[in-house]
Amino acid sequence: MNFFSKDKTTAFEAKETAQWIAFGPVIFQAARVLRNSGILRVIEESALPGLSIEDIAEKVKLPLYGVRVLLESGLSLDLVLVNDKKYTLGKTGHFILNDQLTKTNMDFVHDVNYKGLFYLDESIKTGKPVGLKEFGEWQTIYEGLSQLPEHVQKSWFKFDHFFSDDAFPLVLPQVYKNGVKKILDIGGNTGKWAIASASHAADIHITIMDLPGQLNVAKTKIEQLGLSQRVSFLQANILDESLQIPKGFDVIWMSQFLDCFSEAEIVSILKRCYKALDDNGQVIILEPFWDRQRFEVAAFCLQQTSLYFTALANGNSQLYNSEIFINCIKKAGFDIMEQVDHIGLSQTLLKCKKIRKPNNEN
Ligand SMILES: C[S@@+](CC[C@H](N)C(=O)[O-])C[C@H]1O[C@@H](n2cnc3c(N)ncnc32)[C@H](O)[C@@H]1O
């Protein structure tokens, strides 16, 4: 479905949308502070007939002036409504306050991205995550993930897990059918897939390959769960071109992993997977593609998330359009044997088999 082929708005609506964009950072912060200060919560709890500004200021223990400017901003955002000087919660306010997807996205944008996105123009010019300097002097955010401030890590992991967690139970039976027992999970992160796999069947062995910071977190978790016999760990930086992927796996699994890399890097990783697998081996990929979404707002979320990769993560990757991504798979010598879209919130499962020798050029 192409949501983006036609101009859907009148000129008046378009000019209104342009104002929402012009004030984007202002309304984002207003909504966040209305949520975090407890203002939306006390309004929700009071229900009808609503609360006056004075009542609200007293309940949240903030100055009247501050509460007034926030509420006035919230009126035009449909966060709150006012009748007879009493404020009640609007529908959008309900979602800002209670919807997990909205909360996860808002915390990720504020805690991880907000300051770094100031440098988006420099990142676009240089292909480097210039905004990452807000947190530290790393080449990519993945090297520094385990050293980010606690609240930033929390929002990063919540965001990351939110988009894969609900898909994992749905794809486990599809990944482990036809006698798949030995799996390499590249970018296995904190071990969520490994733990889900170990619980899925008793004879599955999972090897997690990741950078040291994430691997240590996964190791501790897996030891605590008594799963150490079922999971092995391989510390590796996949960007090191000389790094060969070990042989002997039925499946190489990559979930929300290849989007951390540029097209050329994806091809290089997949070529090394090609070398590691025997002729019956499979690469199985779980990825959210913005052009494979049922709803336009889902495509919107993915397209905007791409700019996190540009300004903060590594400067050269994104949440891809499936056509570009599948082209990389083909260049590496694989073909798609099965594609299942609309898994969980936004994922697509791609089962890939070796079919020809990889292209030599990228
Ligand atoms: C977005 S997370 C995906 C986590 C998990 N697979 C999931 O589906 O939720 C990407 C993972 O790739 C790892 N990663 C990023 N760059 C890497 C590199 N150069 N070498 C190895 N792992 C890397 C990160 O540490 C992180 O754990």
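Using a Gaussian network model of the chain with C-alpha springs under 10 Å, which one of PRO212, PRO149, PRO49 is most mobile by mean-square fluctuation?
PRO49
PHE23 to GLN303: extension gain in nm, 0.36 nm per residue of separation minus the Cα-Cα distance?
On the way: separation 280, 0.36 × 280 = 100.80 nm, distance 1.95 nm.
The span from PHE23 to GLN303 would gain 98.8 nm if fully extended.
Report the label-to-label distance for PHE12 and HIS342 in nanometres (one decimal), using points 7 Å from each Cα along the Cα→Cβ vector.
3.6
Would you mind getting the accessible area per residue of region 220-356, heavy atoms of the protein chains only, 1.4 Å probe, in Å²? Please report the intermediate quantities before stating the final value.
Values: 5690 Å² over 137 residues.
Accessible area per residue: 42 Å².
Can you give the extra length, in nm with one decimal, that the chain gains between PHE95 and ASN216 once fully stretched, where that is 0.36 nm per residue apart less the Cα-Cα distance?
Values: separation 121, 0.36 × 121 = 43.56 nm, distance 3.59 nm.
Value of the extension gain: 40.0 nm.
Using a Gaussian network model of the chain with C-alpha springs under 10 Å, which one of CYS260, CYS301, CYS273 is most mobile by mean-square fluctuation?
CYS301
Which whole-percent values make up P(r) of region 138-212 when all C-alpha to C-alpha distances are grouped in 10 Å steps starting at zero?
Calculated P(r), rounded to whole percents: 17, 45, 27, 11, 1.
Net charge around SER52, counting only other residues with Cβ within less than 13 Å of its Cβ (Lys, Arg = +1; Asp, Glu = -1)? Could the numbers behind the result be given before it?
On the way: positive: LYS59, ARG68, LYS85, LYS86; negative: GLU54, ASP55, GLU58, ASP84.
Once positives and negatives cancel, what remains is 0.
Hey, any idea what % of the chain's accessible area is carbon plus sulfur with a 1.4 Å probe? Don't skip to the end; give the middle numbers.
Working: 10020 of 18160 Å².
Solvent-exposed carbon and sulfur of the chain make up 55 percent of the total.
Quick one: which residues, 5+ away or cross-chain, put their amide H under 5 Å from the amide H of LEU319? H built at 1.01 Å from N.
It is SER306, by chain and number.
May I ask for the equivalent-ellipsoid semi-axes of region 246-362, computed as the square root of five times each C-alpha gyration tensor eigenvalue and listed largest first in whole Å?
Numbers: eigenvalues 120, 52, 27 Å².
Calculated on Cα positions only, the semi-axes equal 24, 16, 12 Å.
Find out how many positive minus negative residues lie around LEU71, taking Lys and Arg as positive, Asp and Glu as negative, among other residues whose Cβ is under 12 Å from that of LEU71.
Numbers: positive: ARG68, LYS85, LYS86; negative: GLU54, ASP55, GLU72.
Residues near LEU71 contribute 0 overall.
Quick one: net charge of PHE28's neighbours, Cβ under 14 Å, K/R +1, D/E -1? Write out the running numbers ahead of the final one.
On the way: positive: ARG32, ARG35, LYS103, LYS115; negative: ASP107, ASP111.
Net charge in that neighbourhood comes out at +2.
Are there chymotrypsin sites (Phe, Trp or Tyr not before Pro) in region 287-357 that DSSP marks as loop and that have at most 15 other Cβ atoms within 10 Å, and which are they?
Details: sites: PHE289, TRP290, PHE295, PHE300, TYR308, PHE309, TYR320, PHE325, PHE334; in loops: PHE289, PHE295, TYR320.
Sites meeting the loop and neighbour criteria: PHE295.
For GLU263, GLU241, give me the order by solvent-accessible area with a 1.4 Å probe, most accessible first, ignoring ligands, DNA and RNA. Provide the component values of the computation, followed by the final result.
Numbers: GLU263 95, GLU241 115 Å².
Ranked from most to least accessible, the order is GLU241, GLU263.
So if each residue of separation counts as 0.36 nm, and I subtract the Cα-Cα distance between VAL82 and ALA47, what length gain in nm does that give? Please report the intermediate quantities before stating the final value.
Numbers: separation 35, 0.36 × 35 = 12.60 nm, distance 1.23 nm.
My answer for the length gained is 11.4 nm.
Sort ARG356, ARG32 by accessible area with a 1.4 Å probe, largest first.
On the way: ARG356 90, ARG32 45 Å².
Heavy-atom accessible area, descending, gives ARG356, ARG32.
Report the antiparallel proportion of the DSSP beta bridges in the chain as a percent, rounded to a multiple of 5. List each step's numbers first, then the result.
Details: 19 of 37 bridges.
Given both bridge residues lie in the chain, the antiparallel proportion sits at roughly 50 percent.
Taking the full set of protein chains and a 1.4 angstrom probe, give the accessible area of VAL26 in square angstrom, rounded to the nearest 10.
90
How would THR190, THR126 rank on accessible area, largest to smallest, probe 1.4 Å? Can you show the working numbers first?
Numbers: THR190 5, THR126 80 Å².
Largest accessible area first, the list is THR126, THR190.
List the GluC sites (Glu not before Pro) within region 89-159 that DSSP assigns to loop and that have no more than 11 neighbouring Cβ atoms inside 10 Å.
Values: sites: GLU122, GLU134, GLU137, GLU143, GLU150; in loops: GLU137.
Sparse-neighbourhood loop GluC sites (Glu not before Pro): GLU137.
Given a cut-off of 25 Å, name the pairs among LYS182/LYS221; LYS8/LYS91; LYS6/LYS331; LYS154/LYS275; LYS182/LYS351; LYS331/LYS351 whose C-alpha atoms lie farther apart than that in the structure shown.
Numbers: LYS182/LYS221 20 Å; LYS8/LYS91 23 Å; LYS6/LYS331 32 Å; LYS154/LYS275 36 Å; LYS182/LYS351 16 Å; LYS331/LYS351 15 Å.
Over 25 Å apart, Cα to Cα: LYS6/LYS331; LYS154/LYS275.
Treating the Cα atoms of region 1-79 as identical point scatterers in vacuum, please give the log10 of the normalised Debye intensity I(q)/I(0) at q = 0.16 Å⁻¹, two decimals.
For region 1-79, the Cα-only Debye profile gives -0.67.
Would you compute, for the Cα atoms of region 53-129, the largest minus smallest coordinate along each principal axis and list the three values in descending order, in whole Å?
Result, largest extent first: 54, 26, 21 Å.
With the Cα gyration tensor of region 55-187 in hand, convert its eigenvalues to equivalent ellipsoid semi-axes via √(5λ) and list them largest first in whole Å. Numbers along the way, then the final one.
Details: eigenvalues 295, 119, 34 Å².
After diagonalising the Cα gyration tensor, the semi-axes are 38, 24, 13 Å.
With each run of n ≥ 4 DSSP H residues scored as -39500 (n - 2.57), what mean residue ellipticity at 222 nm is computed for the chain after dividing by its residue count and rounding to the nearest 500 deg cm²/dmol? Mind showing how you got there, number by number?
Numbers: 16 runs with 164 residues, N = 362.
Calculated mean residue ellipticity at 222 nm is -13500 deg cm²/dmol.
Taking the Cα centre of region 247-362 as the origin, how large is its charge dipole in debye, to the nearest 20, when only Lys and Arg (+1) and Asp and Glu (-1) carry charge on their Cβ atoms?
So the dipole magnitude of region 247-362 works out to roughly 420 debye.
What's the long-distance tail for the chain, i.e. % of Cα pairs beyond 38 Å? Spell out each step's value before the answer.
Numbers: 17062 of 65341 pairs.
Value for the chain: 26 percent of Cα pairs lie more than 38 Å apart.
The values are calculated or read from the model by the stated rules, or taken from the named source; none is laboratory data. What you see is a predicted model, and the numbers here were worked out from it, not measured in a lab. In this analysis, Cβ positions are derived from the backbone assuming ideal geometry, glycine residues included, and neighbour counts consider all displayed protein chains. What goes into the accessible areas is simple: the full protein's heavy atoms, side chains included, and nothing from ligands, DNA or RNA. Shrake-Rupley method; radii C 1.70, N 1.55, O 1.52, S 1.80 Å.
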